[in-house]
Amino acid sequence: SAKQRIGIDDLLEMVLLTAEVEELKADANRRAIGTVIESELDKGRGPVATLLVQKGTLHVGDSILVGSTYGRIRAMFDDKGKKIKSAGPSIPVEILGLSEVPHAGDKFNEVKDEKTARGMAEARKIKEKSLQQSTMRVSLEDLYSQVKEGKIQELPIIIKADVQGSIEALRNTLEKLSTDEIKVRVIHGGVGAVTETDISLAAASNAVVIGFNVRPDNNAQVLAEKEKVYVKTYRVIYHAVDDVKAAMIGMLSPDIKEVILGRVEIRQTYKVSAVGTIAGCYVLSGKITRNAEIRVLRDGVIIHEGKLASLKRFKDDAKEVLTGFECGLSIEKFNEIKEGDILEAFTFESVVR
């Protein structure tokens with residue numbers, strides 16, 4: 001337990017013992033490589049990344065390539081916030097000097113100079129962009145065909161957060177909400193305030209913008225109102241999840257449910273040349289309404305389903321007739337009714353899921 005500090009000494013002892021027995025060693029006398037643990041856009045310091053050095057030694061002034069971004073290390077801080085000049089294997093450090101905020105999990109490499117790092121980062125960006133475009137094209141085509149067949153709807157989301165880790169946590173949680181009918185797709189995630197670019201992207205893709213521990217800047221707010229883009233900010237992940245769930249429920253097509261209104265017994269039939277067969281009926285239960293659907297049952301077997309052509313009480317048209325009352329009616333395009341037939345009046349209701 002890290003909170004109660006139980007078993008930590010035993011854990012560290014076993015790690016050291018395993019490293020010694022298996023001779024797990026890293027070469028400190030080489031160019032540094034490692035992984036980004038966390039990243040954020042600090043208002044005063046710019047892009048900040050926490051790195052774990054896995055091999056080699058990292059120094060202030062070194063040029064590094066991190067995923068598709070690059071930079072020259074201006075300053076390094078240890079886990080206690082103290083400035084340091086170098087960090088060897090297994091040392092976590094916070095660095096300043098990158099051109100952009102990298103993604104958590106990105107690998108970093110020390111390169112000989114900043115010019116080389118910039119060239120490699122730009123090449124990676126071009127490659128990533130082409131891959132994204134090709135992936136997007138295929139997925140959009142699939143999505144279009146599925147939407148056309150009525151199989152799937154989509155809820156596109158743009159996430160902006162204070163740190164990269166929050167984006168990944170939100171992305172994973174929201175995308176797990178996807179169902180067979182509705183797909184939740186995070187089309188973009190970035191660190192920092194919600195900007196005009198995010199609003200433009202949301203407007204073009206009909207996406208909603210979720211901000212986590214960040215706010216839209218003034219220009220973005222004005223553009224969001226103009227473009228009618230939905231922007232919501234949160235401080236708790238599960239509040240965002242609850243709102244997305246509610247949005248998904250709103251996107252679900254409602255269930256169509258049959259509601260039985262009443263049962264009517266045919267007691268006498270009359271053939272009228274200009275009209276067809278008219279039935280004299282008695283309402284056994286519930287009610288029958290003028291706009292109801294009608295099901296004709298003979299000995300418990302359905303022989304016809306259709307609509308009423310007319311419904312009367314005595315000589316007057318009626319909107320509805322209740323239990324215990326008599327009425328006259330005719331059925332559209334069906335004249336084969338007989339005495340003793342049971343009519344079931346029903347309607348359909350849409351039920352929100």
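Here are some notes:
- For region 268-308, backbone nitrogen atoms closer than 19 Å to the point 7 Å from Glu339 Cα along Cα-to-C-beta are found at 268-272, 277-284, 297-300.
- Distances between every pair of Cα atoms in region 228-353, grouped in 10 Å steps from 0 to the bin holding the largest one, split as 12, 35, 18, 10, 10, 10, 4, 0 percent.
- Taken over region 37-103, the percentage of Cα pairs per 10 Å bin, counting from 0 up to the bin with the maximum distance, is 23, 62, 15, 0.
- What the pair-distance distribution of region 1-77 shows, using all Cα-Cα distances binned every 10 Å from zero, is 14, 34, 27, 23, 1 percent.
- Across region 1-41, Cα-Cα pairs farther apart than 16 Å form 64% of the total.
- The chain - accessible surface per residue (Å², probe 1.4 Å): 61
- Cβ-Cβ distance of Arg31 and Asn206, R₀ of 51 Å, FRET efficiency by 1/(1 + (r/R0)^6): the value works out to about 0.65.
- Cα point-scatterer Debye curve for region 207-297, base-10 log of I(q)/I(0) at q = 0.17, 0.23 Å⁻¹: -0.88, -1.18
- Its alpha carbons considered, region 202-244 gives a radius of gyration followed by a Dmax of 10.8, 29 Å.
- Those residues of region 333-353 whose amide nitrogen sits under 14 Å from the label point placed on Glu293, 7 Å along Cα→Cβ: 344-351
- Label sites at Ile6 and Lys232, each approximated as a point 7 angstrom past Cα along Cα to Cβ, lie 3.9 nm apart.
- Surface composition of the chain: carbon and sulfur make up 52 percent of the accessible area, probe 1.4 Å.
- Dipole axis of the chain (+1 Lys, Arg; -1 Asp, Glu on Cβ), positive-most option in Ala32, Tyr238, Thr69: Thr69
- Ellipsoid semi-axes for the chain, based on the Cα gyration tensor and the rule √(5λ), read 72, 23, 18 Å when sorted largest first.
- Normalised by 2.2 N^0.38 Å, where N counts its residues, the alpha-carbon radius of gyration of region 64-118 equals 1.11.
- Highest-first arrangement of 188-197, 167-176, where packing means the average Cβ count within 10 Å: 188-197, 167-176
- FRET efficiency, Ala123 to Asp42 (Cβ-Cβ, R0 25 Å, nearest 0.05): 0.35
- Heavy atoms of Glu110: accessible area, 1.4 Å probe, square angstrom to 10: 40
- The calculated FRET efficiency for the pair Lys107 and Leu24, based on their C-beta separation and a Förster distance of 22 Å, comes to about 0.70.
- Relative contact order (percent, whole number), region 200-305, Cα cutoff 8 Å, 6+ residue spacing: 16
The values are calculated or read from the model by the stated rules, or taken from the named source; none is laboratory data. Model, not experiment: these values are computed from the prediction. Counting neighbours? That spans all protein chains shown, and the Cβs are built from the backbone with ideal geometry, glycine included. For the accessible areas, the whole protein counts, side chains as well, though only heavy atoms, and no ligand, DNA or RNA atoms are used. Shrake-Rupley method; radii C 1.70, N 1.55, O 1.52, S 1.80 Å.
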